[in-house]
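See structure below.
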């Protein structure tokens, strides 16, 4: 056993896959300890809040301020509110009044504003420019001037009698320390379409998907192992009957069968464990065929014949004389079944046939929510890209571990 483990952990592919998978498990187990709470809790009213740290404006008003005169503060402030469409329009105007296009840099807010101040003329009538377009530039210029005035903002509070009073005055040079603000929230991956913390949701979803994969892999491997052992060892009529049903399930696409069964169960009854069980019950066929072929090559070996002549029963022969010789293959089959189970759940959930959405999140459900609310169209990459990356890493690590085991236990693949 020790020698086998030593060989396994000498495989670079297995070690890399094992480290990636353990890292994912640590993230799943440790992150909820530091950030407890319901992963489906809606903390945001809006949808798809960008990743970053959010500060309560209400609390920041009453926080002690410091005054700073940062040289590029005004240009950054203008650059943050100056949309890309406005920049393009400004460039079109500057070119229309004779500014060479190579002198216009849309990414340099300060330089763009300098050119605008030097060349914009409200009374100018560039050739081909309509009155509506000139009015747009007039409004844009007024907006730019108002943003650059550096005026003050007054915070008004209204009492129970309806009387308003100024409680604070904010200037462009006032800054607060984020650590002094009573309420702040850091969202590493922002929020999803329901206003939920994506990172917390991702941790829970990855854990649920791994559990689904483990249950589905266990069910499929046990069924495939049992039928494969019986079919390969008994042969004859038993082999014909088992392979008849195996071939039927092989001919019918397993995913189509999976869709039909999931749809017939109904949304209210489709919990994570039920979906895992359904996946396992529809994905055992290739394990059965593979185990059968391995057992056929073992059933007439000397130690098996000797055990049979000694009067040992069928269960003992299968468990003690055949199973140890195919144990490594069974482990590899189990790893692939786990990976297939995770991918099958993701596919089902994308079609709306996964676990019910009110209990626990899964990686497939997160993809389904992102797709339904068009996260891929409105640029909300944080709602779907981390999910894709997590699915990829889990599948990649499991398949890499399987490849490493195959190289260890299959002599024809050894370097």
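Side notes on the structure shown:
- Where residue 116 falls short, out of the listed (1) touching a helix residue (DSSP H, G or I) at 6+ places or on another chain (Cβ under 7 Å); (2) part of a helix (DSSP H, G or I); (3) at pLDDT 90 or above: (3)
- All of 317, 342 fail the test of being surrounded by fewer than 22 Cβ atoms within 10 Å (Cβ to Cβ) and assigned to a helix (DSSP H, G or I), apart from 317.
One line per residue, one yes/no per condition, for (1) modelled with pLDDT under 90; (2) in a loop (DSSP other than H, G, I, E, B); (3) within 30 Å of residue 79 (Cβ to Cβ); (4) touching a strand residue (DSSP E or B) at 6+ places or on another chain (Cβ under 9 Å):
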site	(1), (2), (3), (4)
144	yes, no, yes, no
151	yes, yes, yes, no
154	yes, no, yes, yes
161	yes, yes, no, no
182	yes, yes, yes, no
217	no, no, no, no
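- Residue in segment 316-328 that is in the same structural domain as residue 234 (by TED's automatic domain parsing) and closer than 16 Å to residue 206 by Cα present: no
- Considering (1) modelled with pLDDT under 85; (2) in a loop (DSSP other than H, G, I, E, B); (3) touching a helix residue (DSSP H, G or I) at 6+ places or on another chain (Cβ under 6 Å), the lone condition that residue 283 does not fulfil carries the number (1).
- Unmet requirement for residue 311, which otherwise passes all of (1) part of a helix (DSSP H, G or I); (2) on the phi > 0 side of the Ramachandran plot: (1)
- From the list 412, 358, the one residue that fits, being modelled with pLDDT under 90, closer than 27 Å to residue 282 by Cβ and surrounded by fewer than 18 Cβ atoms within 10 Å (Cβ to Cβ), is 358.
- Matching residues in segment 291-314 - criterion: being out of contact with any helix residue (DSSP H, G or I) (no Cβ under 6 Å at 6 or more places or on another chain) and closer than 10 Å to residue 229 by Cα: 293
The values are calculated or read from the model by the stated rules, or taken from the named source; none is laboratory data. Quantities reported herein were computed from a predicted structural model and do not represent experimental measurements. Backbone-built Cβ (ideal geometry, glycine too); neighbour counts: all protein chains shown.
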